[in-house]
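What follows is a short report on a single structure.
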Amino acid sequence: MNKFICWAKLPLLCLVLALPASWAQTLPVEQAVLTSPPLVPPPVTRDHPARVIVKMEAVEQVMEMTDGVEYMYWTFGGSVPGQFIRVRENDVVEFHFSNHPSSRMPHNIDLHAVTGPGGGATSSFTAPGHTSIFQFQVLNPGLYIYHCATAPVGMHIANGMYGLILVEPEEGLPEVDREYYVVQGDFYTQGEFGELGLQPFDMEKAINEDADYVVFNGSVGSMVGDNALAANVGETVRLYVGNGGPNLVSSFHVIGEIFDKVYIEGGTSINENVQTTLVPAGGSAIVEFKMDVPGTFIMVDHSIFRAFNKGALGMIKADGPEQPVIYSGKQADTVYLPEGSAIQEIIVEAESVVANNLEEQVQFGQRVYEVNCAACHQADGQGLRGAFPPLAGSDYLNADHDRAIKVILKGLSGPITVNGQEYNGVMPAMRLSDNDIANVLTYLLNSWSNDGGAVSPEQVAALREGH
Amino acid sequence: MFHRCGTAVFAFTVLFGSGNTSFARMAEIPAGEFRPLYLVEGSPLVAVEAFSLDRVPVTNQDYLAFVLQHPEWQKDQVPAVFADSRYLQHWNKNAASDSWEPERAVLDFPVVNVSWFAANRYCRVLNKKLPSIAQWEYVARASEISPEGWREPGYQQRILNWYAHHGRPEKNPVGRSPANYWGIHDLHGMVWEWTVDFNSALVSGESRADSSIDKKLYCAAGSVNSVDPSDYAAFMRYAFRSSLSARYAMSNLGFRCAVSGGN
């Protein structure tokens, strides 16, 4: 009977019949606070269950995947991942699921926190311009993915329809100083990574699991530069990490941090002192770490080409005083003489080939670039938005050759503006010979729409001596 | 008075200019057979008898002619059980004639915001029917050059690109896209279209059978058994139809009519 009425598209009636004046009706009612990434709603402070009303809307809209690249995302609440839901063990959730009238597709929601067939999917199946209401009780504490499960499921997920619901245990989670919401997802576009314009979903690449983009929170650079996650030295940070997939499993890692605690797969087991934690597609993990030292900490999928070539990279910036006992920075740079070696001095210059003309400089410089620079600045010199500035058509590079030499010699940190975009990262000093630096800069100046010119080894030597 | 005159001429054109002579606007589709999405490989093919199908979706102009002759289907007359509150929501009150009409600029756009009841009635009045899912899908498998266009590389992707489109393709005149092999326009990439049996994928009257259909509609696992697992575009059409109820009116859902047995 209930089933028939549900099909008759009268979800309210269906709901009422299913719940004759039950325990759930006696619970205090509250409206859920929903947040868009990277923010997390405040902790649940109740010591009793409640009837929590969640109102969420499916919206199909074009947003930016990276600079100049647009994508028609399908979303829960207008962001990827969708809004974060936070409830308490044994709460009863009354879910109002709306599908925006402008949508082309019907949508639904399968919450992994639901005990019941389909996880809510059949009850929430909603045509554009309609609202479905259904109810469930969250019996198991943990951090759960939710996602759209309308056919074709893979495509709905690939377009960004996933998010996290946290079911806090009755006793709550230990208090921390900062909480953030980070979800990885893989995207499949007709154009290759970085190809400009509105990029449609590519079904064949999705089936072949050949991702063009692997990103945190829906786009390249969602948490870099000004959008980096903030913390202070001495604070404990908790990340609610999810993986929407649709295909790839994440090796979640924060460069320069060790997770003090990991709630494995978002469940109850806690592992300690973890470097990298696996986050399955359609799964989660809660990680916690104390910020012991200041600096920028990079979140990556340690399947590392995804981080440096497909976008799976975010930043946490910790402010505060240096802690030299924990991390000293570079203290010395001395010549290394292996035992038994008769060589008394390293003649660096002898090791690199000397170029005789501009053409050779460019040719040799390209080799230096590919080995030392391309991993970050990319093979085509385009850099990565928000993280690594472009060297192609770069106003910063062309404006001042001496400055460019110094950047390679001594490294660079702090804010700079390149082609109108601010970057605030760290480039380490490169251990390169005068020849190699001269060649690589000459290569750069004569590549990718830069202004041309040449840098000589003597110029480099003068600046190396100068300081 | 001048305005009234203008409206009358407008109405005359609408009444006799297009809608009723639609057989000329139909294409004959010969009998054939095909294997629908949800039948597994090796299952029997479904036979489709010869029929005729409108070359283009029903336009606002066509639908205005219908409403003028059948005012019970006017926006402010239709009973709520036959159409929800979005019915003809894009039509405005014409102050001169005191009647609801589409703007002239959209007359040759496909009519949208019509319920199944309304679309069904429209076709019946013209001695036609809404096409069945089988008829619609059979014709929609053709490309411009082949009745088996779905086998051509890139065919699915072209349809899928509609979903990534951020314009409003339903706000365009019908019949401008290239006709397919059968001479039918706009099956893909313009509007969703009602079929007479749109909800048959869910309603079988046997709950265990229904749950297995559910599995196919809601779970990726279902696609393993379908004829062509990569036919995402067809999955989307079946899913879309399953989400509908007969009184729904939606801004990207229109229709066209068919006549059984050819012409």
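Report, by residue number, each residue of the stretch A:176-185 that is among the charged types (D, E, K, R) and either under 17 Å from A:L164 (Cβ atoms) or within 11 Å of another protein chain (Cβ to nearest Cβ) (or both).
Hits for the stretch A:176-185 are A:R178, A:E179.
What is the residue count in the stretch A:286-305 for residues that are within 26 Å of A:G267 (Cα to Cα) and not in a loop (DSSP other than H, G, I, E, B)?
Here the count works out to 10.
Does B:A239 satisfy the condition of being at pLDDT 50 or above and either under 28 Å from B:V78 (Cβ atoms) or crowded, with 20+ Cβ neighbours inside 10 Å (or both)?
yes
Six or more apart or on different chains, Cβ atoms under 9 Å: show the pairs whose first residue is in the stretch A:264-286 and buried (at least 21 other Cβ atoms within 10 Å of the Cβ) and whose second is basic (K, R).
A:I286/A:R238; A:I286/A:K261
Condition (residue is basic (K, R) and out of contact with any strand residue (DSSP E or B) (no Cβ under 9 Å at 6 or more places or on another chain)) applied to the stretch B:109-128: is it met by at least one residue?
Within the stretch B:109-128, one or more residues are basic (K, R) and out of contact with any strand residue (DSSP E or B) (no Cβ under 9 Å at 6 or more places or on another chain).
What is the one condition in (1) outside any loop (DSSP other than H, G, I, E, B); (2) within 12 Å of chain B (Cβ to nearest Cβ); (3) of a type in the set (G, A, S) that A:G191 does not satisfy?
Result: A:G191 fails condition (1) only.
To keep it simple, each residue is scored yes or no on (1) more than 25 Å from B:P44 (Cβ to Cβ); (2) surrounded by fewer than 23 Cβ atoms within 10 Å (Cβ to Cβ); (3) within 14 Å of chain A (Cβ to nearest Cβ); (4) among the charged types (D, E, K, R).
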{"site": "B:D108", "(1), (2), (3), (4)": "yes, yes, no, yes"}
{"site": "B:R124", "(1), (2), (3), (4)": "yes, yes, no, yes"}
{"site": "B:Y138", "(1), (2), (3), (4)": "no, no, no, no"}
{"site": "B:S146", "(1), (2), (3), (4)": "no, yes, no, no"}
{"site": "B:G149", "(1), (2), (3), (4)": "no, yes, no, no"}
{"site": "B:Y155", "(1), (2), (3), (4)": "no, yes, yes, no"}
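Scan (1) modelled with pLDDT of 90 or more; (2) in contact with a Lys or Arg (Cβ under 7 Å, 6 or more places away or on another chain) for the single condition A:A429 breaks and write down its number.
Every condition holds for A:A429 apart from (1).
So A:G191 clears everything in (1) within 22 Å of A:Q378 (Cα to Cα); (2) surrounded by fewer than 20 Cβ atoms within 10 Å (Cβ to Cβ); (3) in contact with a Lys or Arg (Cβ under 9 Å, 6 or more places away or on another chain) except one condition, right? Which one?
Exception for A:G191: condition (3).
What number of residues within the stretch B:163-179 satisfy the criterion of being surrounded by 18 or more Cβ atoms within 10 Å (Cβ to Cβ) and aliphatic (A, V, I, L, M)?
Residues that pass the stated criteria total 2.
Taking the condition of being of a type in the set (G, A, S) and farther than 19 Å from A:V215 by Cβ, how many residues in the stretch A:276-319 meet it?
Looking only at that region, the number is 2.
Quick one: which of A:A392, A:A399, A:A404 is modelled with pLDDT of 85 or more, among the hydrophobic types (A, V, I, L, M, F, W, C) and touching a Leu at 6+ places or on another chain (Cβ under 6 Å)?
None of the others qualify; the one that does is A:A404.
Take the conditions modelled with pLDDT of 80 or more and either more than 26 Å from B:P102 (Cα to Cα) or more than 12 Å from chain A (Cβ to nearest Cβ) (or both) and apply them to B:E170. Does it pass?
no
Would you mention how many residues in the stretch B:208-230 are at the interface with another protein chain (Cβ under 9 Å from one of its Cβ atoms) and modelled with pLDDT of 50 or more?
Matching residues across the stretch B:208-230 total 2.
Only one residue in B:W194, B:W182 is more than 12 Å from every other protein chain (Cβ to nearest Cβ), modelled with pLDDT of 85 or more, buried (at least 16 other Cβ atoms within 10 Å of the Cβ) and within 12 Å of B:R256 (Cβ to Cβ), so which one is that?
B:W194
When you go through (1) more than 19 Å from A:R51 (Cα to Cα); (2) within 10 Å of chain B (Cβ to nearest Cβ) one by one for A:G119, which number turns out not to apply?
(1)
Would the stretch A:355-368 turn up any residue that is surrounded by 14 or more Cβ atoms within 10 Å (Cβ to Cβ), at pLDDT below 85 and over 41 Å from the mean Cα position of the chain (by Cα)?
Yes.
Pick out the one residue from A:T131, A:T122 that is hydroxyl-bearing (S, T, Y), under 20 Å from A:T75 (Cβ atoms) and in contact with a Phe, Trp or Tyr (Cβ under 8 Å, 6 or more places away or on another chain).
Exactly one of A:T131, A:T122 is hydroxyl-bearing (S, T, Y), under 20 Å from A:T75 (Cβ atoms) and in contact with a Phe, Trp or Tyr (Cβ under 8 Å, 6 or more places away or on another chain), namely A:T131.
Hey, does the stretch A:444-459 have a residue that's within 30 Å of A:P294 (Cβ to Cβ), touching a residue at least 12 places away in the same chain (Cβ under 8 Å) and either of a type in the set (F, W, Y) or part of a loop (DSSP other than H, G, I, E, B) (or both)?
Checked against the condition, which is being within 30 Å of A:P294 (Cβ to Cβ), touching a residue at least 12 places away in the same chain (Cβ under 8 Å) and either of a type in the set (F, W, Y) or part of a loop (DSSP other than H, G, I, E, B) (or both), the stretch A:444-459 yields no hits at all.
Could you check how many residues of the stretch A:194-243 are within 14 Å of chain B (Cβ to nearest Cβ) and outside any loop (DSSP other than H, G, I, E, B)?
8
Out of all the residues in the stretch A:368-392, which are touching a residue at least 60 places away in the same chain (Cβ under 8 Å) and hydrophobic (A, V, I, L, M, F, W, C)?
A:V368, A:C373, A:A375, A:C376, A:L384, A:A387
Among the residues of the stretch A:318-332, is there at least one that is farther than 20 Å from A:G414 by Cβ and surrounded by 21 or more Cβ atoms within 10 Å (Cβ to Cβ)?
No, that holds for no residue.
The values are calculated or read from the model by the stated rules, or taken from the named source; none is laboratory data. Computed from a predicted structure; not experimentally measured. FYI the Cβ positions are ideal-geometry reconstructions off the backbone, even for glycines, and counts take in every protein chain you see.
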